[in-house]
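All remarks here apply to the structure that follows.
The values are calculated or read from the model by the stated rules, or taken from the named source; none is laboratory data. These figures come from a predicted structure and were not determined experimentally. Don't worry about glycine lacking a Cβ; one is built from the backbone with ideal geometry, like all the others, and counts go over all protein chains shown. The area values use the complete protein model at the heavy-atom level, side chains included, leaving out ligands, DNA and RNA. Shrake-Rupley method; radii C 1.70, N 1.55, O 1.52, S 1.80 Å.
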Amino acid sequence: MASPTPITGLTLAELDERLGSRTRALATRQWLCTASPLPPALPARIPGVTPRAWAALRAEAPLPPWTPVGRRQDPDGTTKLALSLAGATVETVLIPGRGRSTVCVSSQSGCTRHCRFCATATLGFARNLSAGEIVLQYLLARAAAPEGAPARNVVFMGMGEPMDTLDAVLSAVALLSDEGAPRLALGSITVSTAGVLPGMRRFLRECRAHLALSLNATTDALRERLMPHNRLWPIAALIDALRDDHAAGSGRRYFVEYVLWDGVNDGAADAERLAALLHGLPAHVNLIPHNAFADNPYQAPPADRVRAFQARLRTAGVRALVRWPRGSAIAAACGQLALR
């Protein structure tokens, strides 16, 4: 027998139908987004919903089963939450910024991919997460956001490959951006992929959120060594998917994630090839110096080489920003999520 859809996985229309009132549905969403901290189970009463209607919903659509496993805070303010979700452990990261915070959510426990530079890959794969479990991560992190920096951005860049559980990811994006709270702008939601082409094409057809492509190399030989699934979907096919979407008039800006490793992909020729690959696309390159973890051989380049790579891209007309590490002291930076 299938498990009931949790309250965090119900659309506003579904809440309206079950509660018999759009006003009650909106009040329910508002409570979910303002409860601080969010309890492990739904309370007996919430404001704005009649006891009878709430009791029925509470019985039919509880919160997803969750247990806090750990919480750590980096001196830079980044907070990492470890959660047990029906036996599957995941990590969620809250990154505070000026006037707003970003929540990095996981879409899987572990990962289906085998990228050589990512700590999550060392865990193997446990299971996909539901849309309700993804939204729950946002709600829990939102409650931990500092005053003056509310959680207004969401990035699907935690554990897992979002394109391998795309139904749940698309549902979660819709839940986070529909009319009820938190009502995030689609432009504030970014879904990352390691380059799973069938999912990329479907995402570009069906969703208006931003897409981030984790590229990391400019030749197929190197990318296959770093990201073995490149054998199925080589670089040219991935870039063609972006070009097709652009030619269709989507008006979308594409984020290209490029992790830099010392002596691997950080040379002048790499920068020139990357600029050529992206020519004519409204692309924004995020340069990410590698975040080290135990037993991994790769190292970040010196800071001056990172800046030189950025300068070469900018000279070629490519927008490029260096994403210096946030949360590395607690193993919460990009590529470090491995339940440590």
* Matching option when the condition is modelled with pLDDT of 95 or more, assigned to a loop (DSSP other than H, G, I, E, B) and out of contact with any Phe, Trp or Tyr (no Cβ under 9 Å at 6 or more places or on another chain), among Ala141, Ala168, Ala149, Ala174 -> Ala149
* Asked: Arg243 is checked against (1) of a type outside the set (Ser, Thr, Tyr); (2) touching a Leu at 6+ places or on another chain (Cβ under 7 Å); (3) crowded, with 18+ Cβ neighbours inside 10 Å; (4) free of Cβ contacts under 8 Å to residues at least 40 places away in the same chain and fails just one. What number does that condition carry?
  -> (3)
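Can we say Ala303 is farther than 23 Å from Asp220 by Cβ and within 24 Å of the chain's Cα centre (by Cα)? Outline the logic, then answer.
On the way: farther than 23 Å from Asp220 by Cβ: yes; within 24 Å of the chain's Cα centre (by Cα): no.
For Ala303, the condition - farther than 23 Å from Asp220 by Cβ and within 24 Å of the chain's Cα centre (by Cα) - is not met.
Residues to consider are Gly195, Gly280; find the one that is assigned to a loop (DSSP other than H, G, I, E, B), modelled with pLDDT of 95 or more, open to solvent by 50 Å² or more (accessible area, probe 1.4 Å) and not hydrophobic (A, V, I, L, M, F, W, C). Break it down into steps so the answer makes sense when it comes.
Values: Gly195 fails: open to solvent by 50 Å² or more (accessible area, probe 1.4 Å).
Result of the check over Gly195, Gly280: Gly280.
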* Among residues of segment 283-309, those that are assigned to a helix (DSSP H, G or I) and surrounded by fewer than 20 Cβ atoms within 10 Å (Cβ to Cβ), counted -> 6
* What number of residues within segment 214-236 are in contact with a helix residue (DSSP H, G or I) (Cβ under 8 Å, 6 or more places away or on another chain), surrounded by fewer than 17 Cβ atoms within 10 Å (Cβ to Cβ) and under 22 Å from Gln299 (Cβ atoms)? -> 2
* **Of residues in segment 84-95 being out of contact with any Cys (no Cβ under 6 Å at 6 or more places or on another chain) and open to solvent by less than 10 Å² (accessible area, probe 1.4 Å), the one farthest from Arg152 (Cα to Cα)** => Ala88
* State which residue pairs qualify: first residue basic (Lys, Arg) and inside segment 257-272, second residue surrounded by fewer than 18 Cβ atoms within 10 Å (Cβ to Cβ) in any location, beta carbons under 9 Å apart, and separation of 6 or more residues or different chains. => none
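Working carefully through the options Gly158, Gly124, find the one that is free of Cβ contacts under 8 Å to residues at least 40 places away in the same chain and either farther than 23 Å from Pro62 by Cα or surrounded by fewer than 23 Cβ atoms within 10 Å (Cβ to Cβ) (or both). Step through it out loud before you land on a result.
Working: Gly158 fails: free of Cβ contacts under 8 Å to residues at least 40 places away in the same chain.
Criteria check complete, one pass: Gly124.
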* To do: Give Ser36, Ser21 a once-over and let me know the one that is of a type in the set (Ser, Thr, Tyr) and surrounded by fewer than 16 Cβ atoms within 10 Å (Cβ to Cβ).
  => Ser36
